[in-house]
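Just below is one structure, and these are the notes that go with it.
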Amino acid sequence: MGKSQFSEHDKVFYSDGYKLGLLAVEEGLDDVSLLQAIKILFTEADMLIDSLLNYARSQQVLIDCKKGCAWCCFQPIFAVSHEIHYLAGHIKKHFSKEQIKVVIGKARKKNNIIEKLAEKEVLNYKSACPLLKDGACMAYEARPMACRIYLSMDVNSCKAFYDNPEQEDSIVKLLEFPLKAGRMMNEGFKAALKSGGRESTEFRLEHGLLVGLEN
């Protein structure tokens, strides 16, 4: 989809992401500038979501997401190259060698199963994220955009989708605005990196973890 096909709101968030990506490009796309730009991207997304949550509460719109609720962490998670790079760097810096070994083992086990599945089977397959421990993310601060913008208004719909993913009426009741805003920010960021010669690849998270932690 070209930028001309975006709505006006989409264009604003796309431009925000593009400007942040350009910060890294203008610095020559060295590792320090890239990681700093990604950190700012995620921080701005978090600030947007926090503001949205505060507004939702003021309008008595219920958001059921909270620590310890992890139904979404059993769904397929996708992340692009710069997110994997940021996440892997965080893990290498903050995890022990034994913790990294455990994460790699879980990622490999899940990846070996999923890579044999058809596309529809992948989307319906339920298995814990390799970074899930005791109902929480071990690398929460560095989680990909997809995890940050996934906000449910009904935990029962999350559980129903977990239990019966193939049923057509099993749809998680998500807040749409953060989904669109986060995706557009990421698209703009990717486009800026591409203008600087750095292409982006999409990974399933377990595959990305193997690439980022083993290479």
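Assorted remarks:
- Checking every residue in the range 183-196 against the condition of being in contact (Cβ under 8 Å) with a residue 24 or more places away in the chain, surrounded by fewer than 19 Cβ atoms within 10 Å (Cβ to Cβ) and in a loop (DSSP other than H, G, I, E, B) gives at least one match.
- Some residue of the range 17-33 being of a type in the set (Ser, Thr, Tyr) and either crowded, with 16+ Cβ neighbours inside 10 Å or part of a loop (DSSP other than H, G, I, E, B) (or both): yes
- Selection within the range 37-72 - among the acidic types (Asp, Glu) and outside any loop (DSSP other than H, G, I, E, B): Glu44, Asp46, Asp50
- Checking the range 53-64 against the condition returns no match, with no residue being crowded, with 19+ Cβ neighbours inside 10 Å and among the small types (Gly, Ala, Ser).
- Of all residues in the range 73-104 being of a type in the set (S, T, N, Q) and assigned to a loop (DSSP other than H, G, I, E, B), the one that is surrounded by the fewest Cβ atoms within 10 Å (Cβ to Cβ): Ser96
- Any hit, the range 145-160, residues being buried (at least 20 other Cβ atoms within 10 Å of the Cβ), in contact with a helix residue (DSSP H, G or I) (Cβ under 8 Å, 6 or more places away or on another chain), outside any loop (DSSP other than H, G, I, E, B) and modelled with pLDDT under 95: yes
- Screening the range 105-126 for residues that are crowded, with 17+ Cβ neighbours inside 10 Å and either of a type in the set (Phe, Trp, Tyr) or touching a helix residue (DSSP H, G or I) at 6+ places or on another chain (Cβ under 6 Å) (or both) and picking the one that is nearest to Ile38 (Cα to Cα) gives Ala107.
- Any chance Val25 is of a type in the set (Val, Ile, Thr), more than 17 Å from Met185 (Cβ to Cβ) and either touching a Pro at 6+ places or on another chain (Cβ under 8 Å) or touching a residue at least 60 places away in the same chain (Cβ under 8 Å) (or both): no
The values are calculated or read from the model by the stated rules, or taken from the named source; none is laboratory data. Keep in mind the model is a prediction, meaning the values are calculated, not measured. Using ideal geometry, Cβ is built from the backbone for each residue, glycine included, and neighbour counts are taken over all protein chains shown.
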